[in-house]
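Structure first, then comments.
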Amino acid sequence: MSKLARVWRIAVAVFLLLLVAAAIGFVFIYNRTPRSAASKGDERCNPSAFDCRQQQLCDVNANCLADPSDEKRYACKCNDGFIGNGFICHDINECSLEDLNFCSSNADCVNTVGSYKCNCHPGLNGDGRFCKDVNKCNTEEQTCSDHASCTNTRGSYKCDCHTGYYGDGKTCKDVDECTIETHNCSQHAVCSNTIEAYNCTCLSGFHGDGWSCKDVDECIETHNCSQHAVCTNTIGSYNCSCLSGFHGNGWSCKDVDECTTETHNCSQHAVCSNTIGSYNCTCLSGFHGNGWSCKDVDECTTETHNCSQQSACSLYQYHWIIQL
């Protein structure tokens with residue numbers, strides 16, 4: 001409703017009240033001759049004069065008005081904020097109807113004796129007729145935590161904890177995402193809690209930003225296997241295995257002397273010679289083969305004997321003999 005419309009409605013209401021008051025004798029004309037009394041001053045001693053100051057005929061909330069055209073007549077008129085015939089006046093409750101007060105819609109109307117007052121709603125400033133919202137976030141009234149954001153609302157405010165904190169906004173505590181497992185770190189990373197956030201660091205054997213970690217193939221160039229071992233990549237690590245002919249943990253490999261430990265496969269008719277990481281087999285004199293398999297040499301047949309022409313060659317185990 002516009003201000004002009006409200007004023008018009010108030011004027012109509014007042015006019016109707018005046019008509020009602022007139023009907024019941026709002027203005028009561030009292031005609032009497034006051035008692036004569038010996039007193040100071042000609043006015044009080046004149047029995048034909050009436051003095052409102054000396055009479056208590058009107059209501060305490062009314063005014064006594066002398067009639068200037070007839071000194072024997074007077075009128076009682078209720079004060080502003082009251083209604084009645086002047087002898088009996090009742091307080092008008094301006095708060096009972098919107099048209100009787102000018103309070104803002106954002107204010108509470110409080111009736112008083114003969115008047116009323118307007119109180120702006122909590123969180124609003126003004127004289128009651130005009131009320132404006134106060135941004136509490138810009139005042140010392142707000143008690144939000146240092147780790148919270150303040151949002152002004154109509155007549156109040158609210159506090160919301162920052163991301164990484166929890167609480168009612170006035171008290172905010174750091175969220176340990178690592179403990180409550182609300183982080184997004186890779187399964188191959190370690191989570192480290194920080195104020196308002198957290199960090200992800202890839203585990204040893206993996207590379208990446210912590211949120212995504214990929215396996216590192218150490219066997220390509222970063223392993224510590226012995227030069228006499230083979231490197232086998234695994235998820236997040238690697239293994240070292242000594243080559244055949246060596247023994248150790250893979251990081252340290254020593255040559256195995258197969259000849260001494262008798263772990264070779266040389267023929268019984270061969271001699272074993274140890275080498276780095278392996279061994280050699282050499283057939284004994286009188287035998288031929290690869291060392292792993294040695295067969296007897298028939299010197300008589302191959303004519304590799306040293307018998308004289310006047311003797312006969314006869315094969316014997318491992319050697320030949322000369323028969324004269």
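Worth a mention:
- Residue, farthest from ASN224 (Cα to Cα), within the stretch 245-254, restricted to residues that are in contact with a Ser or Thr (Cβ under 8 Å, 6 or more places away or on another chain) and assigned to a loop (DSSP other than H, G, I, E, B): GLY245
- All of (1) farther than 30 Å from SER186 by Cβ; (2) crowded, with 20+ Cβ neighbours inside 10 Å hold for GLY250 with one exception: (1).
- On the stretch given as the stretch 111-129, residues that are buried (at least 18 other Cβ atoms within 10 Å of the Cβ), outside any loop (DSSP other than H, G, I, E, B) and out of contact with any helix residue (DSSP H, G or I) (no Cβ under 7 Å at 6 or more places or on another chain) total 3.
- Test for ALA270: is it out of contact with any helix residue (DSSP H, G or I) (no Cβ under 9 Å at 6 or more places or on another chain), in contact (Cβ under 8 Å) with a residue 12 or more places away in the chain, hydrophobic (A, V, I, L, M, F, W, C) and under 30 Å from GLY208 (Cβ atoms): no
- Failed criterion for VAL60 (all others in (1) of a type in the set (A, V, I, L, M); (2) surrounded by 13 or more Cβ atoms within 10 Å (Cβ to Cβ); (3) modelled with pLDDT of 65 or more; (4) not in a strand (DSSP E or B) hold): (2)
- Verdict on CYS137 being surrounded by 18 or more Cβ atoms within 10 Å (Cβ to Cβ) and either of a type outside the set (A, V, I, L, M) or outside any loop (DSSP other than H, G, I, E, B) (or both): no
- Residue match in the stretch 80-100 (condition: surrounded by 17 or more Cβ atoms within 10 Å (Cβ to Cβ), closer than 30 Å to GLY155 by Cα and touching a residue at least 40 places away in the same chain (Cβ under 8 Å)): yes
- Any chance TYR74 is assigned to a strand (DSSP E or B), more than 18 Å from ARG129 (Cβ to Cβ), modelled with pLDDT of 55 or more and over 60 Å from the mean Cα position of the chain (by Cα): yes
- ASP108 meets each of the listed conditions (1) surrounded by fewer than 18 Cβ atoms within 10 Å (Cβ to Cβ); (2) at pLDDT below 90; (3) part of a strand (DSSP E or B) apart from (2).
The values are calculated or read from the model by the stated rules, or taken from the named source; none is laboratory data. None of the values given here were measured: they were computed from a predicted structure. Counting neighbours? That spans all protein chains shown, and the Cβs are built from the backbone with ideal geometry, glycine included.
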